[in-house]
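Report on the following structure.
The values are calculated or read from the model by the stated rules, or taken from the named source; none is laboratory data. Owing to the predicted nature of the structure, the values given are computational and were not obtained by experimental measurement. Here the Cβ positions follow ideal geometry from the backbone for every residue, glycine too, while neighbour counts run over all protein chains shown. For the accessible areas, the whole protein counts, side chains as well, though only heavy atoms, and no ligand, DNA or RNA atoms are used. Shrake-Rupley method; radii C 1.70, N 1.55, O 1.52, S 1.80 Å.
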Amino acid sequence: MVDNVNKASADFTQLGFTVVPGRKMNNPFFSHATIPLAAGTYIELLGPAQLNMISELKTLKMQNRLNLFTDNLNAIETRMANHIAQGEGIADFAFCDYKLDLNSFIIEMDDQGVNLLGPVPMKSVNGGNRKMLWDVAVPESDSLPLFISDITPRALRTTIKMEAQKNGVTGIARITIAVKDIEETGKIYQEILGVPPVKNPTYTPPQNVKITVFKMGAIDIVLAQPTDKNSPLFDYLNEHGDGPYRIALYTNNKSLAGKLNPSLTHKTYIKLIFK
């Protein structure tokens, strides 16, 4: 989530990413741009269509009256409005499965005590004025991803060329999600992914943090919980609540490995890992 998509696009371009302007979406509130990565994954820069929305939404959130803006919005728009009100930084993530029947999945998750809203119909228009259609299921908790099911075949909907990034980034290594209850959230992820957590993760968590790791293809989904008040994660959870915390990307350029310049990542912690 960024305050200004055009400014963020320029900053991420300076960091060596290829940023592609977004398509016209079916809502008047948000604008976006994408950074296409390998294997169909991408990073999305999402922000308000009008800059005056930022102060309005932040004020409403502080007054606990954000519903005055979101009452007439759908579930995905409401979630994005909350992210804008929270401020810049990593805000959300999504799982996509073209085989996923969202109606059945929502019922299945409800049986497990997980409330998903939707499916919410989404659409965009490509350069040839062809409508691209997909559905989204929206969880109540920010610790869980959005779930996307394509209607328009994904090969047509995501026709953005997966160009090589100038900074050597080839794909997503891991997404770290801050959680207050790692056991309970871990059970939900095991149900969603259908696999148990990794027994012996390949990296050691920071001090005062315990982790649970799930593999999703080549990507690690890392749940992280502070073990005491001395962990920076403790303060982060108190301010932001459960949700995405950090992201790590693979790069084939060893000289660029490390944390990206925080003045250009719009309060998003991004680390490049050489591979």
(request) Tell me which residues come under 5 Å, amide H to amide H, from Tyr250 once H is placed; ignore anything under 5 positions away on its chain. (result) Thr170, Gly171, Ile172, Ala173, Ile273
(request) Keeping the other protein chains in place, figure out the carbon and sulfur percent of the accessible area of the chain, with a 1.4 Å probe. (result) 51 percent
(request) Provide the packing ranking of 1-8, 143-150, 64-71, i.e. peptides ordered by the mean count of other C-beta atoms within 10 Å per residue, highest first. (result) 143-150, 1-8, 64-71
(message) In whole Hz and in residue order, list the ³J(HN,Hα) couplings for segment 245-250 that follow from phi through the Karplus curve 6.51 cos²θ - 1.76 cosθ + 1.60, θ = phi - 60°; x for Gly and Pro.
(response) 10, 9, 9, 10, 10, 7
(request) Return the whole-Å distance between the Cα centroid of segment 29-78 and the Cα centroid of segment 166-204. (result) 25 Å
(request) Send over the semi-axes of segment 135-268's equivalent ellipsoid, whole angstrom and largest first, taken as the square roots of 5 times the C-alpha gyration tensor eigenvalues. (result) 26, 22, 15
(request) Taking the Cα centre of the chain as origin, work out the dipole magnitude from +1 charges on Lys and Arg Cβ and -1 charges on Asp and Glu Cβ, in debye rounded to 20. (result) 1160 debye
(message) Per 0.36 nm of contour for each residue apart, how much would the distance between Tyr98 and Ser255 grow if the chain were fully extended, relative to their Cα-Cα spacing?
(response) 52.8 nm
(message) In Å², and per residue, what accessible area does the chain have when probed at 1.4 Å with the other protein chains present?
(response) 52 Å²
(request) Would you indicate which of (i) 42; (ii) 23; (iii) 29 is the value of percent of Cα pairs over 30 Å apart derived from the coordinates of this structure? (result) (iii)
(request) Would you mind calculating the gained length between Glu44 and Phe29 on full extension (0.36 nm times residue separation, minus the Cα-Cα distance), in nm to one decimal? (result) 3.8 nm
(message) Please compute the modelled spin-label separation between Ser263 and Met62, points set 7 Å along Cα→Cβ, answer in nm with one decimal.
(response) 2.7 nm
